[in-house]
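Undergrad: Let me give you the structure first, and then I'll get to my questions.
The values are calculated or read from the model by the stated rules, or taken from the named source; none is laboratory data. This one's a predicted model, so the numbers in the text were calculated from it and none came from an experiment. Cβ placement follows ideal geometry from the backbone for every residue including glycine, while neighbour counts extend to all protein chains displayed.
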Amino acid sequence: MQIDFLSQLRHVGVMLAICVDGLNETTPGGTVYLRRDGRIGVSYPQTPALVEAFSFAHDVLARVTFAAGARRATTLHPQPLELRGPQDLPRLRERAYGPLAHSIFTAHQMGGCRMSASATEGVVGPDHRVRGQDNLFVIDGSVLPTALGVNPSHTIYALAHRARPMVIDAARGA
């Protein structure tokens with residue numbers, strides 16, 4: 001089975017849907033924390049709105065896949081559902097969505113070291129310096145207040161361009 005799949009890999013297309021969370025109280029987003037035993041813990045609440053977004057995304061991506069000419073579409077459930085055409089789309093409603101029901105992965109993490117002009121908020125100041133650390137700068141997506149919902153590459157490039165003179169000045173002792 002795996003060899004057959006790999007031999008056809010040049011015919012495989014992959015799409016993903018970004019279901020943005022952490023924007024407000026109805027989609028709180030996940031947290032990473034340190035457990036009492038020193039190990040890392042992860043909490044990722046999956047609200048009804050997020051579960052509905054997962055289901056909707058599977059349906060839309062399958063429709064786009066078939067509209068593009070694909071002959072098969074496969075879900076990311078533990079027992080994948082293989083659709084052979086648009087006529088199989090109703091079968092998606094037979095599948096569960098939500099915690100442990102299908103694969104969920106993350107991309108473009110943002111907001112872990114939020115930037116703020118307020119001295120009492122945010123990990124990073126407007127000069128990209130970590131508060132209380134003279135020469136520690138954060139210049140990546142973690143300074144953004146939340147996920148953008150799109151690939152953040154250009155935003156991060158702009159942050160790096162903006163921060164460059166600040167880092168150079170710090171290196172020169174200015």
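Undergrad: Do you know which residues across the range 139-153 are closer than 19 Å to Ala170 by Cβ and buried (at least 20 other Cβ atoms within 10 Å of the Cβ)?
TA: The one that is closer than 19 Å to Ala170 by Cβ and buried (at least 20 other Cβ atoms within 10 Å of the Cβ): Val143.
Undergrad: Sticking with this structure for a sec: Could you tell me whether the range 99-118 includes any residue that is polar (S, T, N, Q), within 22 Å of the chain's Cα centre (by Cα) and surrounded by 16 or more Cβ atoms within 10 Å (Cβ to Cβ)?
TA: no
Undergrad: Taking the criterion of being outside any loop (DSSP other than H, G, I, E, B), in contact (Cβ under 8 Å) with a residue 24 or more places away in the chain and closer than 25 Å to Pro152 by Cβ, would at least one residue in the range 65-83 satisfy it?
TA: Within the range 65-83, not a single residue is outside any loop (DSSP other than H, G, I, E, B), in contact (Cβ under 8 Å) with a residue 24 or more places away in the chain and closer than 25 Å to Pro152 by Cβ.
Undergrad: Within the range 134-147, take every residue that is assigned to a loop (DSSP other than H, G, I, E, B) and under 14 Å from Met115 (Cβ atoms) and give me the one that is nearest to the chain's Cα centre (by Cα).
TA: It comes out as Thr146.
Undergrad: Moving to a separate point now. As an exercise: evaluate Asp88 against (1) assigned to a helix (DSSP H, G or I); (2) modelled with pLDDT under 90 and give the number of the one condition it does not meet.
TA: It is condition (2) that Asp88 fails.
Undergrad: Within 14 Å of the chain's Cα centre (by Cα) and assigned to a helix (DSSP H, G or I): does that describe Leu16?
TA: no
Undergrad: Restricting attention to the range 32-64, which residues are surrounded by 12 or more Cβ atoms within 10 Å (Cβ to Cβ), of a type in the set (S, T, N, Q) and either part of a helix (DSSP H, G or I) or in contact with a Ser or Thr (Cβ under 7 Å, 6 or more places away or on another chain) (or both)?
TA: Thr47, Ser55
Undergrad: Filter the range 141-174 for residues that are farther than 15 Å from Ile18 by Cβ and small (Gly, Ala, Ser); which is modelled with the lowest pLDDT?
TA: Once the filter is applied, the top-ranked residue is Ala174.
Undergrad: Of everything in the range 103-117, what is part of a loop (DSSP other than H, G, I, E, B) and of a type outside the set (Val, Ile, Thr)? Give them in sequence order.
TA: Ser103, Phe105, Ala107, His108, Gln109, Met110, Gly111, Gly112, Cys113, Arg114, Ser116, Ala117
Undergrad: Looking at (1) touching a helix residue (DSSP H, G or I) at 6+ places or on another chain (Cβ under 9 Å); (2) closer than 26 Å to Pro48 by Cβ; (3) in the same structural domain as His11 (by TED's automatic domain parsing); (4) of a type outside the set (A, V, I, L, M), find the lone condition where Pro86 falls short.
TA: Of everything listed in (1) touching a helix residue (DSSP H, G or I) at 6+ places or on another chain (Cβ under 9 Å); (2) closer than 26 Å to Pro48 by Cβ; (3) in the same structural domain as His11 (by TED's automatic domain parsing); (4) of a type outside the set (A, V, I, L, M), Pro86 misses just condition (2).
Undergrad: Moving to a separate point now. Is there any pair with a first residue in the range 40-56 that is closer than 23 Å to Pro90 by Cα and a second that is modelled with pLDDT of 85 or more and surrounded by 12 or more Cβ atoms within 10 Å (Cβ to Cβ) whose Cβ atoms are under 6 Å apart and which are 6 or more apart or on different chains, and what are they?
TA: Val51/Tyr97; Val51/Gly98; Phe54/Tyr97; Ser55/Tyr97
Undergrad: Quick check on my filter: what residues within the range 114-146 are under 20 Å from Pro165 (Cβ atoms) and among the hydrophobic types (A, V, I, L, M, F, W, C)?
TA: Result: Met115, Ala117, Val124, Val130, Leu136, Phe137, Val138, Ile139, Val143.
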